């Protein structure tokens with residue numbers, strides 16, 4: 001399940017713009033990784049305090065993509081281009097002011113985390 005999280009200092013007040021960005025990013029992640037879009041999750045956080053290249057005044061973005069399989073140096077490069085293109089077209093963030101980290105996880109790591117989280121959540125509810 002690829003999960004893309006984007007943080008940007010661009011203020012996102014328009015709900016339809018946010019929906020458009022999330023939809024386009026989801027489509028690009030699915031297409032580039034070869035994963036079904038029904039497995040893709042995109043989180044978009046706008047208006048965050050973010051300094052990049054010594055400046056916090058110009059539009060910038062930081063992202064992380066975590067996936068179980070589907071990543072490689074070539075795929076990561078294609079994802080960078082696709083994500084940067086969407087951020088530039090939709091949010092006016094120049095590609096030179098985007099930074100994206102990629103993590104490839106094993107399925108067992110994420111399942112264990114989910115199991116622990118559900119256990120902790122159940123414990124909290126029982127109090």
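Coordinate-derived values only; no laboratory data. All values reported here derive from a predicted model rather than from experimental measurement. We place every Cβ from the backbone using ideal geometry, glycine too, and count neighbours over all the protein chains shown.
Miscellaneous remarks
- Residue that is nearest to the chain's Cα centre (by Cα) [pool: residues in segment 27-45 that are within 15 Å of residue 7 (Cα to Cα) and either touching a residue at least 60 places away in the same chain (Cβ under 8 Å) or surrounded by fewer than 18 Cβ atoms within 10 Å (Cβ to Cβ) (or both)]: 43
- Annotation: of all residues in segment 1-57 being in contact with a helix residue (DSSP H, G or I) (Cβ under 6 Å, 6 or more places away or on another chain) and in a loop (DSSP other than H, G, I, E, B), the one that is nearest to residue 101 (Cα to Cα) is 2.
- Residue 69 closer than 18 Å to residue 103 by Cβ and touching a strand residue (DSSP E or B) at 6+ places or on another chain (Cβ under 9 Å): yes
- Residues being buried (at least 18 other Cβ atoms within 10 Å of the Cβ), touching a helix residue (DSSP H, G or I) at 6+ places or on another chain (Cβ under 7 Å) and in contact (Cβ under 8 Å) with a residue 40 or more places away in the chain - total across segment 60-86: 10
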